[in-house]
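One structure below.
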């Protein structure tokens, strides 16, 4: 674990030196009708293979669904951690899904959450990267809200442009001091919700930020 943290720290330092400017604002908006001028802007840095990220999502999602997206907007950023060996591939999958008009990166996120054990370090220790990508392709083809043919998904995973987009998102997180997941920002300010926050805790926090 310590070795992984040291590797992550070194990579973060390198990434912070120069971050490419993305062609569009980074991240995936939870609700397509939300906008970047909503008074409460929540950003979450997620590793799709992180159990803590998976545990935090249901309560946050429930709270978001209870607010008008014109008032509270949520943006997910990808931040794959190196000690979750398949997290970068899962993140690149989200990049691909996000570029497909009929698919939802949040549907992909939830599909990966449900299959975390299948893609865990131990479960895939004897698999090649090609085999893991093929398994992700099968997941993409079978998941509601994603529905990308496995062959298309696998081909897109081999596109340099998708790799570059995923790397830029990670580098932007490093530049903001992100080192673990989930990490949250509210209107640009970093904050730490309790690990056991419920939907009502999130709702109360949204109202606090709005001044209500």
A chain fully extended from residue 118 to residue 189 at 0.36 nm per residue, minus the present Cα-Cα distance, gains in nm 22.1 nm
Taking every pair of Cα atoms in the stretch 52-112, average 1/r, invert it to obtain the Kirkwood radius, and report Rg/Rh to two decimals. 0.99
With Cα springs under 10 Å, the Gaussian network model of the chain assigns the largest mean-square fluctuation among 157, 109, 129 to 129
Footprinting exposure proxy for 183, 37, 100 (fewest neighbouring C-beta atoms within 10 Å first): 37, 100, 183
Can you compute the FRET efficiency between residue 155 and residue 127 using 1/(1 + (r/R0)^6), with r the Cβ-Cβ distance and R0 = 30 Å? Round to the nearest 0.05. 0.95
Tell me, 181, 130 in order of fewest to most beta-carbon neighbours within 10 Å? 130, 181
Taking every DSSP beta bridge with both residues inside the chain, roughly what % is antiparallel (nearest 5)? 55
Explain nothing, just the number: relative contact order of the chain, from Cα pairs under 8 Å at least 6 residues apart, as a whole percent. 31
Going by how many other beta carbons lie within 10 Å of each one, how would you line up 104, 195, fewest first? 195, 104
Which whole-number percent is the relative contact order of the stretch 78-156 (Cα, under 8 Å, 6+ apart)? 30
Given the stretch 39-210 reduced to its alpha-carbon atoms as identical point scatterers, what log10 I(q)/I(0) does the Debye formula return at q = 0.13 Å⁻¹? -0.64
For the stretch 140-212, what relative contact order do you get, as a whole percent, if you take Cα pairs closer than 8 Å and at least 6 residues apart? 11
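Readers should treat all values here as calculations from the given coordinates under stated rules, not as data from a laboratory. None of the values given here were measured: they were computed from a predicted structure. Counting neighbours? That spans all protein chains shown, and the Cβs are built from the backbone with ideal geometry, glycine included.
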